[in-house]
Amino acid sequence: MKAALAGADGTLLHEARRPTGRERGPADVVETILGFATELRDLGRERFGSTAVAAGVAVPGIVDEAAGIAVYAANLGWRDVPMRELLSRRLGGVPVALGHDVRTGGLAEGRIGAGRDTDRFLFVPLGTGIAGAIGIGGGIEAGAHGSAGEIGHIVVRPGGRECGCRQRGCLETVASAAAVGRDWAAVCGDPAAGAADCARAVESGDRRAREVWQHAVDALADGLVTALTLLDPRTLIIGGGLAEAGDTLFAPLREAVRRRVTFQRLPSIVPAALGDAAGCLGAGLLAWDLLSTEVTA
Ligand SMILES: [Zn+2]
């Protein structure tokens with residue numbers, strides 16, 4: 001997990017990382033979060049002479065942002081953790097915001113990253129899975145049940161590979177960094193090969209790698225065109241491990257999307273700007289939002 005102390009102007013004053021400790025179970029993960037936040041608060045007080053006035057935390061899985069509850073996370077094993085209340089109590093009653101990791105990362109990309117000055121965007125990180133955040137007018141659309149933007153589970157190859165969500169042929173089974181890595185490992189015969197290795201092989205002109213890569217790019221374009229047909233975003237912000245391939249991804253992806261659209265307006269397709277710090281920066285923005293809401297209320 002990543003944590004930071006952020007100044008009023010968004011400056012990062014201090015950054016830190018540590019393991020979640022998830023192998024010890026969900027209660028330990030929650031305690032690690034609370035302890036990490038407390039240490040950061042104390043460090044801020046020592047170093048800057050004033051204590052943190054609010055906190056933001058972003059977690060994966062299903063998140064009820066309005067209620068401040070971390071509902072479910074398969075990889076962390078928790079259910080219905082009242083994160084906002086727990087953290088606020090530990091930090092002496094300061095206001096705390098709870099966000100969903102990808103939506104919070106999307107908020108940061110929208111306000112201070114690749115979507116700055118864009119009123120409508122879709123942020124799609126391509127990592128172990130594929131998720132999405134729908135940016136509208138400075139905020140992120142969470143949906144009625146907190147699951148808007150799950151573009152990774154749009155079925156792009158009906159009857160295809162089984163997905164963790166129990167559908168078949170979901171976008172993330174074909175075009176996530178994990179899927180590309182697995183496909184390339186099977187083709188090149190090195191079980192340790194990943195998506196970055198596939199990208200390098202594409203760049204060196206390997207024909208088999210180009211096939212694996214194009215297979216993923218085509219699926220990704222199918223999913224993105226479905227999304228842009230529904231949402232009409234001005235900008236598509238693509239992040240995560242696969243986006244680190246740069247033009248090796250963006251050149252064929254722009255072309256594949258352009259070939260598919262007919263009446264739809266083509267959005268600009270750009271790399272994310274904040275890397276894996278996006279969620280952490282977004283959590284800071286959520287915290288500042290709490291304070292500005294209090295002032296105006
Ligand atoms: Zn799925």
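What to note about this one:
- Filtered residue count, segment 263-297, keeping only those that are without any contact (Cβ under 8 Å) to a residue 60 or more places away in the chain and assigned to a helix (DSSP H, G or I): 5
- Breaking point among (1) aliphatic (A, V, I, L, M); (2) modelled with pLDDT under 95; (3) within 19 Å of the chain's Cα centre (by Cα), for A144: (3)
- R260, sole failed condition from (1) open to solvent by 40 Å² or more (accessible area, probe 1.4 Å); (2) touching a residue at least 40 places away in the same chain (Cβ under 8 Å); (3) more than 26 Å from E15 (Cβ to Cβ): (2)
- Looking only at segment 173-216, residues that are β-branched (V, I, T) and under 15 Å from G240 (Cβ atoms) come to 2 in all.
- On inspection, V124 does not qualify as in contact with a Cys (Cβ under 8 Å, 6 or more places away or on another chain), within 16 Å of the ligand (Cβ to nearest atom) and in contact (Cβ under 8 Å) with a residue 24 or more places away in the chain.
- For first residues located in segment 148-170 and closer than 14 Å to A133 by Cα and without any contact (Cβ under 8 Å) to a residue 60 or more places away in the chain, partners that are open to solvent by 70 Å² or more (accessible area, probe 1.4 Å) and more than 10 Å from the ligand (Cβ to nearest atom) and lie 6+ apart or on another chain with Cβ distances below 7 Å form the pairs A148/E141.
- Taken over segment 134-148, the criterion of being open to solvent by less than 50 Å² (accessible area, probe 1.4 Å), closer than 23 Å to G169 by Cβ and not β-branched (V, I, T) is satisfied by G143, A148.
Each row is one residue, and each column tells you yes or no for (1) open to solvent by 30 Å² or more (accessible area, probe 1.4 Å); (2) in contact (Cβ under 8 Å) with a residue 24 or more places away in the chain; (3) in a loop (DSSP other than H, G, I, E, B).
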| residue | (1), (2), (3) |
| --- | --- |
| E39 | yes, no, no |
| E46 | yes, no, no |
| V53 | yes, yes, yes |
| E85 | yes, no, no |
| R103 | no, yes, no |
| R111 | yes, yes, no |
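- Residues of segment 153-211 satisfying the condition of being in contact with a Pro (Cβ under 8 Å, 6 or more places away or on another chain), within 12 Å of the ligand (Cβ to nearest atom) and either outside any loop (DSSP other than H, G, I, E, B) or at pLDDT below 95 (or both): R168
The values are calculated or read from the model by the stated rules, or taken from the named source; none is laboratory data. Since the structure is predicted, the reported quantities are computational estimates derived from the model, not experimental observations. Here Cβ is always computed from backbone atoms with ideal geometry, including for glycine, and neighbour counts include all displayed protein chains. For the accessible areas, the whole protein counts, side chains as well, though only heavy atoms, and no ligand, DNA or RNA atoms are used. Shrake-Rupley method; radii C 1.70, N 1.55, O 1.52, S 1.80 Å.
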